[in-house]
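Participant: Before I ask anything, here is the structure I am working with.
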Amino acid sequence: MEKLLHLQTTDSTNSVAYQLALNGTKHGYGVLADRQLAGKGRLGKDWKSPAKTGIYCSIILRPKLPLYDFPKLTLTAGLSLCSAVEKLSKNTSYGLKWPNDLYYNTKKCGGILVESSIASGTSSFAVVGIGLNVNTTLLQFPIELRQKATSLYLQSGNIFDIRELYWLIHESLLTHMEIHETQGFESILTEWRKRDVLLGKEVEWVTCDKKVVIASGLGPDKNGQLLAKDRTGMVHKILSGDVQLADNPDGKK
Ligand code: BTN
């Protein structure tokens, strides 16, 4: 079977890949679309997917990992995306913002959405959805994103072949998955931490009871949960949610 389904238009590659995975499609199979009509981001946000300017893809994984490791896959996938992009541009300005964003300096250029189905036996899977702004010009971003988003083209002046880039990301994802499976999540974390854009920075987030907390980023712990220390010395563990640089409210997606 071909390992890639390349569609012109779809609602969301994650939804297509999820359905394929439910029907038994194998580890490593990918869905790539030229554009999405209802691209999904984390926390119920949407993902703008203008035609032929970015990578909108979803790759099915059947991890040989205990189920409690599945939530860590967002970080593994983020590292694989960052490594792929670094290879391409030999540029060290790319970084990772916990839990799922690829940044170039202070601007977001990609994001990960992992959707998993956890079942007993070998039928568990994860769909790793990757959105990457590749050849996007400033005017192709909606006005509200122009201050906070960027693309590989805007940072390098180069136009990239989307399919070639897809395969580079695909290879990087499968390689990093193997590292996660064989060497453990700590090996992933060691590399992830080197690219952490929130490390030592003032970050802020809103708690479940609607309190705004500001604290200094300490990086993800061994479970992939973000730690941050506030002025009283208290260390907070952030499970999920929208964490922002406290002095950069425009850095939001
Ligand atoms: C985020 O930063 O919030 C995650 C964005 C993930 C977007 C990608 S695009 C391909 C795949 N299909 C989707 O519907 N979403 C992901």
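Participant: Assess whether I130 counts as being under 14 Å from the mean Cα position of the chain (by Cα) and within 16 Å of the ligand (Cβ to nearest atom).
Facilitator: So I130 fits the description; yes.
Participant: Report yes if K97 is open to solvent by 70 Å² or more (accessible area, probe 1.4 Å) and either near the ligand (Cβ under 10 Å from one of its atoms) or charged (D, E, K, R) (or both), otherwise no.
Facilitator: So K97 does not fit the description; no.
Participant: So which residues in region 196-217 are open to solvent by 40 Å² or more (accessible area, probe 1.4 Å) and either touching a residue at least 12 places away in the same chain (Cβ under 8 Å) or not assigned by TED's automatic domain parsing to the domain that holds G233 (or both)?
Facilitator: Correct list: L199, G200, K201, E202, E204, V206, I214.
Participant: Residues being farther than 24 Å from K64 by Cα, open to solvent by less than 60 Å² (accessible area, probe 1.4 Å) and either near the ligand (Cβ under 10 Å from one of its atoms) or modelled with pLDDT under 95 (or both): count how many of those fall in region 1-31.
Facilitator: Final tally of qualifying residues: 2.
Participant: Report yes if E181 is open to solvent by less than 70 Å² (accessible area, probe 1.4 Å), closer than 25 Å to G129 by Cβ and more than 18 Å from the chain's Cα centre (by Cα), otherwise no.
Facilitator: Yes; evaluated as a whole, the condition is true for this residue.
Participant: Exactly one condition in (1) assigned to a helix (DSSP H, G or I); (2) within 30 Å of L22 (Cα to Cα) is not met by S116; state its number.
Facilitator: Exception for S116: condition (1).
Participant: Only one of I59, I55 is part of a strand (DSSP E or B), more than 9 Å from the ligand (Cβ to nearest atom) and in contact with a strand residue (DSSP E or B) (Cβ under 6 Å, 6 or more places away or on another chain); which?
Facilitator: Checking each option against the conditions leaves just I59.
Participant: All but one of (1) part of a loop (DSSP other than H, G, I, E, B); (2) without any contact (Cβ under 8 Å) to a residue 40 or more places away in the chain; (3) within 16 Å of the ligand (Cβ to nearest atom) hold for S49; which doesn't?
Facilitator: Against the list (1) part of a loop (DSSP other than H, G, I, E, B); (2) without any contact (Cβ under 8 Å) to a residue 40 or more places away in the chain; (3) within 16 Å of the ligand (Cβ to nearest atom), S49 comes up short only on (2).
The values are calculated or read from the model by the stated rules, or taken from the named source; none is laboratory data. Keep in mind it's a predicted model, so treat the numbers as computed, not measured. Positions of Cβ are backbone-derived with ideal geometry, glycine not excepted, and every protein chain shown enters the neighbour counts. Side chains included, ligands, DNA and RNA excluded: accessible areas come from the protein's heavy atoms. Shrake-Rupley method; radii C 1.70, N 1.55, O 1.52, S 1.80 Å.
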